[in-house]
Amino acid sequence: MTDNKDNTTKNVYTEWAEQTFQNILDALNQIKVGQIQVLTGDNGSGKSLIRKVLCTTLRERENDNTIKVSDISMERRTGLHSELGGGGVFLRDTSWCATSSNSLGFLKSILNGITDRFVVLDEPEIGMSQDLQLSVGKFLSDKLPTILKDNKGVLIITHSKELVRNLTVEHTFINIQKKTESEWLNETAKYIELDEFENKCSALFKLLQTKLKNAN
């Protein structure tokens, strides 16, 4: 009886992972050059994966190997960047500044004079209060039209409803769970079983590993 219950549970997580993988592909296919786009989705549903494969995807889709993606992300901010030697420290958070200040600093630095890139802002709101998130939404609304004019496109990956709610610049909204912007902005928070969340993340990770192995 226990084995049957365990197998049923595993099948539920496997089915969720398969559906989420398809949703990831669908979301990735919606990301276009020449646009400002917002990507949202539940935790552990593949947003960071989309960032990682975006450059290759755009190059293949546009048949243009010169496309380059520049991003800010937590991976950039905490990684060792060994390929840069000692210079890698300049891509990491500074210990003497607040997390929110580091987030704002990285955001401003990538938008300062960048040209001919596809720009990805992955969770620019890290460490920020709702007031600061609101302010960043207004800041991006002022900056992004110029950024788009000089670059291949802009993708904002975020969990911040305040940021998106105050993003007045024209943009395309993409949600991995296929919610509309209005649905996402107006949904209420709900309780998540933490064990279930971890099991879902594990199932998706295993599926992605299998997909990558079979692709090689």
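The values are calculated or read from the model by the stated rules, or taken from the named source; none is laboratory data. Since the structure is predicted, the reported quantities are computational estimates derived from the model, not experimental observations. As a convention, Cβ positions derive from the backbone with ideal geometry for all residues, glycine included, and neighbour counts pool all protein chains shown. Just the protein is used for accessible areas: all its heavy atoms, side chains included, with ligands, DNA and RNA removed. Shrake-Rupley method; radii C 1.70, N 1.55, O 1.52, S 1.80 Å.
Side notes on the structure shown:
- Zone of residue 100's modelled label, taken as backbone nitrogen in segment 136-168 under 11 Å from a point 7 Å along Cα→Cβ: 136
- Residues whose placed amide H lies under 5 Å from that of residue 120, excluding near-sequence neighbours: 70, 71, 72, 155
- 3J(HN,Hα) from dihedral phi, segment 123-133, Karplus parametrisation 6.51/-1.76/1.60, rounded to Hz, x for glycine, proline: 6, x, 8, 4, x, 8, 6, 4, 4, 6, 4
- Here the 3J(HN,Hα) profile of segment 186-192, calculated from phi with Karplus coefficients 6.51, -1.76 and 1.60 at θ = phi - 60°, is 9, 6, 9, 5, 10, 5, 10 Hz, Gly and Pro shown as x.
- With θ taken as phi - 60° and the Karplus curve 6.51 cos²θ - 1.76 cosθ + 1.60 applied, the whole-hertz 3J(HN,Hα) list for segment 135-147 is 5, 5, x, 5, 4, 5, 4, 6, 8, 5, x, 5, 4 Hz, x standing for glycine and proline.
- The slack in the chain from residue 68 to residue 131, taken as 0.36 nm per residue of separation less the alpha-carbon distance, amounts to 19.4 nm.
- Solvent-accessible surface ranking, highest first, for 60, 162 at 1.4 angstrom: 60, 162
- Counted residue by residue at 0.36 nm each, then reduced by the alpha carbon distance between them, the extension gain from residue 30 to residue 142 reaches 37.9 nm.
- Carbon plus sulfur fraction of accessible area for segment 145-216, probe 1.4 Å, in percent: 52 percent
- By the rule of a C-alpha distance below 15 Å, with chain neighbours fewer than 8 residues away ignored, the aspartates and glutamates paired with residue 149 are 116, 170.
- Counted over segment 116-216 with a bin width of 5 Å, the fraction of Cα pairs per bin, in whole percents, is 2, 10, 15, 18, 18, 14, 10, 9, 3, 0.
- In straight-distance terms, cross-link reach from residue 206 covers every one of the lysines whose alpha-carbon lies under 18 Å from its own, apart from those fewer than eight places away in the same chain; here that gives 10, 47, 52.
- Full extension of the segment from residue 186 to residue 209, taken as 0.36 nm per residue of separation minus the current Cα-Cα distance, would add 4.8 nm.
- Other-chain or far-sequence residues with amide H under 5 Å of residue 33's (modelled H): none
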